[in-house]
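**Student:** So that we are looking at the same thing, I have put the structure below in structure tokens.
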Amino acid sequence: MKNRIRALRAGFQEEFDGYLVTNEINMLYFTGFLGAVAMLVPNGQQANLYVYGVNYEGAKAEAQNVNTELVKQGEDLWKKVAGHIKDQRMKKLGFDTMNTSVYTKLTDALKDSTSLEAKSEHVWNLRRVKDEEELQKMRKAAELTSRGMQAARETIKQGLREYEVAAEIEYAMRCQGSYGVAFDSIVTSGPRSAYPHGGCNERKIGRGEPVVVDIGATYKNYRSDMTRTYVVGKASAKQRKIHTIVKRAQEKAFEKICDGSNAAEVDRAARDTIRRARYGECFVHGLGHGIGLDVHEQPVLNATSKDVLKAGNVVTNEPGIYIVGFGGFRIEDTVLVRKNKGGRLTEGSNVLEI
């Protein structure tokens, strides 16, 4: 793993004397270790990674480009961090994120010696563009997710409960090498398919009903996201029509995904397609989101987004139509933003009837 801390320092050094990272996933990004509680990056000195005893040996073995600092039992973490900030005479400190109680503890310990300023963009300017090492892991996560969707097609049948289908999908992904799910698997059937984040429950899948399957695998902490909608048996004319509209909307958005595209315009390409088909009010969420170590990251693809896509972003493309009492239809792929066009990382048929 390249020295990402050096890149972070290069971004903040003209603005701050140091930078404090408290988000666990951000620390994973910079060090390769998951389980630390804080990381202090001084301007010009090695970074300190603060770890409680339960994770200390793991951090010493796995964390890269940092000095691993043990927080002993009964020791006040934030007084310890504040002591190091004062020792290194940091007058201005940036940070990624911080809850109110931590901010209060830290400012009380620092008194008036150091000013704190939230500047998460110093982290996101790095995280949102994936390097080749990250992309290799994301391609693998996408491959595993695609295999999970294949298992879904082979498993779904009349009479199975939603959670039974989810279990078979997750088992298949695990057997192929997934480290776990990227998020709680969604298998919604019948009227419940109109709930975009409906999870799964004990409902039995009926013949002729739509089944929305939204799943993701994790590989070495990187995630993928994929959705398909199926109908058990023969689909009705209205089901086929709506599925075709959603598929067309996804393709129109995909054609817009490339370096330099405005995220809002990508969203508009899908939304206008659905609106012209007179289902605009049934597309109730944004088109997509960045994905990587977190399932929801920057950039954001929705109607109000100010983001501009850059080569190396990995985003989801997931238009949907949801009709209460009738059902929902969503199609989603994980897409790599490239210079001239996007590249789908997830792969799988958009067949409706199974």
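The values are calculated or read from the model by the stated rules, or taken from the named source; none is laboratory data. Note that the structure is predicted; figures quoted are calculated from it, not measured. Every residue, glycine as well, gets a Cβ built from its backbone with ideal geometry; the counts of neighbours run over all protein chains shown.
**Student:** Residues that are out of contact with any helix residue (DSSP H, G or I) (no Cβ under 6 Å at 6 or more places or on another chain) and touching a residue at least 24 places away in the same chain (Cβ under 8 Å), at least 2 per element: which helices (runs of 4 or more DSSP H) completely within region 28-124 meet that?
**Tutor:** Here the list reads 53-62, 77-87.
**Student:** Output the qualifying pairs, or none if there are none: Cβ atoms under 7 angstrom, residues six or more apart or on different chains, first residue in region 165-178 and assigned by TED's automatic domain parsing to the domain that holds Glu202 and aliphatic (A, V, I, L, M), second residue outside any helix (DSSP H, G or I) and buried (at least 17 other Cβ atoms within 10 Å of the Cβ).
**Tutor:** Filtered contacts from region 165-178: Val165/Ile156; Val165/Val187; Ala166/Ser185; Ala166/Val187; Ala166/Cys200; Ile169/Ser185; Ile169/Ile215; Met173/Ala217.
**Student:** Between a residue in region 231-254 that is surrounded by fewer than 23 Cβ atoms within 10 Å (Cβ to Cβ) and any residue that is in a helix (DSSP H, G or I) and hydroxyl-bearing (Ser, Thr, Tyr), which pairs come within a Cβ distance under 6 Å, given they are 6 or more apart or on different chains?
**Tutor:** Pairs that qualify, where the first residue is surrounded by fewer than 23 Cβ atoms within 10 Å (Cβ to Cβ) and the partner is in a helix (DSSP H, G or I) and hydroxyl-bearing (Ser, Thr, Tyr), are Arg248/Thr273; Lys252/Thr273.
**Student:** Tell me which strands (runs of 3 or more DSSP E) are completely within region 185-248 and hold 2 or more residues being of a type in the set (D, E, K, R), or say none if there are none.
**Tutor:** Correct list: empty, since no element meets the threshold.
**Student:** Has region 267-290 got any residue that is within 22 Å of Gly348 (Cβ to Cβ), at pLDDT 95 or above, buried (at least 22 other Cβ atoms within 10 Å of the Cβ) and in contact with a Phe, Trp or Tyr (Cβ under 6 Å, 6 or more places away or on another chain)?
**Tutor:** Yes; the residues of region 267-290 include at least one that is within 22 Å of Gly348 (Cβ to Cβ), at pLDDT 95 or above, buried (at least 22 other Cβ atoms within 10 Å of the Cβ) and in contact with a Phe, Trp or Tyr (Cβ under 6 Å, 6 or more places away or on another chain).
**Student:** State which residue is surrounded by the most Cβ atoms within 10 Å (Cβ to Cβ) when the search covers only region 126-149 and only residues that are under 15 Å from Val187 (Cβ atoms) and over 16 Å from the mean Cα position of the chain (by Cα).
**Tutor:** Ranking the qualifying residues of region 126-149, first place goes to Gly148.
**Student:** Further question on the same structure: Could you pull out the residue among Glu318, Glu353 that is at pLDDT 95 or above and either in the same structural domain as Lys157 (by TED's automatic domain parsing) or within 22 Å of Leu144 (Cα to Cα) (or both)?
**Tutor:** After applying the criteria, what remains is Glu318.
**Student:** So, in region 11-63, of the ones that are of a type in the set (Gly, Ala, Ser) and under 26 Å from His296 (Cβ atoms), which residue ends up surrounded by the most Cβ atoms within 10 Å (Cβ to Cβ)?
**Tutor:** So the residue we want is Ala36.
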